[in-house]
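The structure appears below as structure tokens.
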Amino acid sequence: MKTYWLDSPRNVTRLYRGVWIVGALLVLLDLVVHRHAEVGFDGWFGYYGAYGYAACVLLVLAAKLLRRAVMRPEDYYDR
């Protein structure tokens, strides 16, 4: 049986930590990058990071609700 690199819990932990580090660096980059704010609140520090995080959480929650609506029994196509 072939093993893949994500089969090892150590690699999953490294990937998880790497995503957090890249995210933190991108939020810190907000200190350096000058933004041309269209409205007042989009110029706040970390606004786009918080907005993206909230959007992803809402998408996951919406997908959970949508799954209940479209889920079929396991033998749906066999009938």
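The values are calculated or read from the model by the stated rules, or taken from the named source; none is laboratory data. Quick caveat: nothing in here was measured; it's all calculated off a predicted structure. We place every Cβ from the backbone using ideal geometry, glycine too, and count neighbours over all the protein chains shown.
Just a few scattered comments:
- Members of the range 65-79 found to be assigned to a helix (DSSP H, G or I) and either more than 29 Å from the chain's Cα centre (by Cα) or exposed (fewer than 10 other Cβ atoms within 10 Å of the Cβ) (or both), listed by number: Leu65, Arg67, Arg68, Ala69, Val70, Tyr76, Tyr77, Asp78
- Of the residues screened, Val27 is not one that is of a type in the set (Val, Ile, Thr) and surrounded by fewer than 10 Cβ atoms within 10 Å (Cβ to Cβ).
- The residue that is modelled with the lowest pLDDT, counting only those in the range 47-74 that are among the small types (Gly, Ala, Ser) and closer than 22 Å to Trp20 by Cβ, is Gly49.
- Any hit, the range 47-64, residues being more than 19 Å from the chain's Cα centre (by Cα), assigned to a helix (DSSP H, G or I) and of a type in the set (D, E, K, R): no
- Scanning the range 31-79 for residues that are in contact with a helix residue (DSSP H, G or I) (Cβ under 7 Å, 6 or more places away or on another chain) and charged (D, E, K, R) yields a single hit, Arg35.
- Arg35 being free of Cβ contacts under 8 Å to residues at least 12 places away in the same chain, surrounded by 10 or more Cβ atoms within 10 Å (Cβ to Cβ) and over 21 Å from the mean Cα position of the chain (by Cα): yes
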